[in-house]
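One structure is given below, encoded as structure tokens.
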Amino acid sequence: MGVSAGGIAPLQGVDAGQSPAREPVIVSKNLTIGYKLHRERKLLTALKDINLTIYKGEFVCLLGPSGCGKTTFINAISGLVPPWEGSIEVDGRPVTGPGPDRGMVFQDYALMPWRTVESNVRMPFEFQDLKLSKAQIDERVARYLELVELTGFEKSFPYELSGGMKQRVGIARALATEPKILLADEPFAAIDAMTREAMQSELERFVTKTRQTVVFITHSIDEAITLGDRIVVISRRPGRIKEVIDVNLPRPRFDQELKSLPEYAEIREHIWRLVKDEALSGAHGDD
Amino acid sequence: MAKIDSNASGSKGAFDDADRIRSMKFSLTDMLDRYGPVWVTVVNLTCFFIIWELFARSGAINQIFLPTASGMFGTMFEGLTNSAPPTAAYSGQIIDHLTYTLRNLSIGLVIACVIGIPAGLLMGGNKYIETILGPYVWALASLPRIALVPLFILFMGFTVKMQITIIVLSAVFPIIINAWAGVKTTEKSLIAAAKVFGAKERDIYLHVVFPYTLPFIISGVQQGIGRGLIGVVIAEIFGGSMGLGFLINRAADTFNSELMYAVLMLLVIVSLSLIKLTSTIEKRVAPWRQQLKM
Ligand SMILES: Nc1ncnc2c1ncn2[C@@H]1O[C@H](COP(=O)(O)OP(=O)(O)OP(=O)(O)O)[C@@H](O)[C@H]1O
Ligand SMILES: [Mg+2]
């Protein structure tokens, strides 16, 4: 938590190419995070020296091998885990804990099993005062359940839903409070290809409209390219930023035959090579 | 999306009949699934009592040790319906002893819950309380409670207070340990989600840890009922002048095997009803747990 300079420090490293006119929202400086392993009495570094600035309204995708620290990174942004070294700032202030400006879709859904679908989506409104009337909250809950196509399942319990449906409840819960920053941990992983495409397009349309800043974890290169303004490729544990790729494809991307564009193929090829190199280097690495 | 849906419903008509037949068959097996066990149990128990009756009548075992099923039920019925007791060797009817035992058991269980649930929750929630109370809880929980009965008789004599103390001590530990385990095992990701969506410390305990722990508490109470029943009967057998345990003792002293078996049967019924009651409560307050059990 040490470093906390007033204002926004000069951008460095991977962000050097970004236009300075844009407003930084999430600033990570030399962020290093690890975990204590009680059983083995040792420390494990999950993320190492992450320097990244994410701007307002930007859609950033995190891509990297399993266990490289992607979830750890967005947990740091949400304030669930503190930095070991370096700092993480949101809106110019060091993160000290969760806040209503950040919503999160959890990788393992994390729905309260004793709450119905509707009540799970309503939960954030119960815990924090967002200055909304009861009717406004009802309207929000209904609207976001409709967005994820769960109308009719309001009274179901999570155990009565499929994995993909649970994940959609998690998405509705994160969106319903309309946070400035949306942190999404593989939100479409459990959803079938057809529905996934519909939801990706829905999400693109949605965040373009709301100008939300999105940090989106995925394992799919295609998903990263179709959704992201920038793609951050993270190396194996301890996770470092391997490369940040700008995706300058026009939006909305779902209205066109994106995959037939030469730029698309180029980016895809480039990322695929990065990911493959990473996988191969890891296979012989000592970790 | 809509396109796919309409395709699916368009082709559905062709399968309507097949679907209906399948659902009819399904509903038959469904009925069997639902009501089958009840009938099997009824037939099963009927057979059991008939065989018992025949076996007891055959004289293979002296009726002092094994009464007829009909004799046992007769005694039970008479004792419960307040008619004259079959023998005058003990005071009051079975019903009086039953209500006495049940009253003590209920008082003991309520006290055990009032002490055990908060104690378990506190131990799970606070490291210091856990470290301090933990050794005592484990020590007392692993000590056979029967061993304490003579001590309490020494302290309090053959009083209701002594009996209730034994019930409480028997029932409280499973309740504490289950509540404690519930708090400790609360899924970290649920707590994380609550925090992200603005839960304060208090909300986390009230809206995550407690609901998560509730089914654990209920199964603790369920175990507590079983232990408490053992405790109350033992306390009454050791000493006292009322209760089902006393009645068993008295029946043995007077060679009244019908009464003895009637009381044993009643204990089974009481125990099963209480367990059924708690699992019904569990189904009501924690429906999501059902799916884990099946
Ligand atoms: N609570 C924890 N305690 C100990 N180690 C942890 C904990 N959470 C994560 N780790 C370790 O930190 C590393 C990074 O974990 P993280 O969950 O951030 O990975 P990830 O990139 O999200 O992986 P995946 O794609 O599989 O979800 C892993 O090696 C994991 O073993
Ligand atoms: Mg992860």
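The values are calculated or read from the model by the stated rules, or taken from the named source; none is laboratory data. Everything numeric here is computed off the predicted structure, so don't read it as measured data. Every residue, glycine among them, receives a Cβ derived from its backbone with ideal geometry; neighbour counts consider all protein chains shown.
Listed values, structure above:
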item	result
Checking B:GLN222 against (1) farther than 30 Å from A:SER78 by Cβ; (2) within 16 Å of ligand 2 (Cβ to nearest atom), the condition it does not meet	(2)
Failed item in (1) within 16 Å of ligand 2 (Cβ to nearest atom); (2) away from chain B (no Cβ under 14 Å), with A:ASN248 passing the rest	(1)
Counted residues, the range A:128-152 - those being closer than 19 Å to A:ARG102 by Cβ, under 22 Å from the mean Cα position of the chain (by Cα) and within 13 Å of another protein chain (Cβ to nearest Cβ)	1
Residue match in the range A:40-54 (condition: within 15 Å of ligand 1 (Cβ to nearest atom), at pLDDT 90 or above and over 28 Å from A:THR226 (Cα atoms))	no
Residue in the range B:140-161 that is touching a Lys or Arg at 6+ places or on another chain (Cβ under 8 Å), more than 14 Å from every other protein chain (Cβ to nearest Cβ) and in a helix (DSSP H, G or I) present	yes
Tally, over the range A:143-187, of residues that are over 23 Å from A:ILE54 (Cβ atoms), within 16 Å of ligand 1 (Cβ to nearest atom) and of a type in the set (A, V, I, L, M, F, W, C)	0
Out of A:VAL117, A:VAL95, A:VAL105, sole residue that is more than 9 Å from chain B (Cβ to nearest Cβ), surrounded by 21 or more Cβ atoms within 10 Å (Cβ to Cβ) and out of contact with any Leu (no Cβ under 8 Å at 6 or more places or on another chain)	A:VAL95
When residues of the range A:43-88 are limited to those that are assigned to a loop (DSSP other than H, G, I, E, B), in contact with a Gly (Cβ under 6 Å, 6 or more places away or on another chain) and more than 14 Å from every other protein chain (Cβ to nearest Cβ), the one farthest from A:PRO100 (Cα to Cα)	A:CYS68
Filter result (of a type in the set (Ser, Thr, Tyr) and either part of a helix (DSSP H, G or I) or not assigned by TED's automatic domain parsing to the domain that holds B:GLU282 (or both)) within the range B:166-223	B:SER170, B:THR185, B:SER189, B:TYR205, B:TYR212, B:THR213, B:SER219
Matching residues in the range A:46-97 - criterion: being within 16 Å of ligand 2 (Cβ to nearest atom) and more than 23 Å from A:VAL207 (Cα to Cα)	A:ALA46, A:LEU47, A:ILE50, A:GLY64, A:PRO65, A:SER66, A:GLY67, A:CYS68, A:GLY69, A:THR72, A:LEU80, A:VAL81
Counted residues, the range A:89-109 - those being of a type in the set (Gly, Ala, Ser) and either part of a strand (DSSP E or B) or at pLDDT 95 or above (or both)	1
Subset of the range A:155-174 [under 22 Å from A:ILE225 (Cα atoms) and in contact (Cβ under 8 Å) with a residue 60 or more places away in the chain]	A:GLN167, A:ILE171
Qualifying residue in the range A:46-66 (condition: of a type in the set (Asp, Glu), surrounded by fewer than 18 Cβ atoms within 10 Å (Cβ to Cβ) and under 23 Å from A:ASP277 (Cβ atoms))	yes
Residue that is nearest to the other protein chains (Cβ to nearest Cβ) [pool: residues in the range A:197-237 that are within 16 Å of ligand 2 (Cβ to nearest atom) and assigned to a helix (DSSP H, G or I)]	A:GLU223
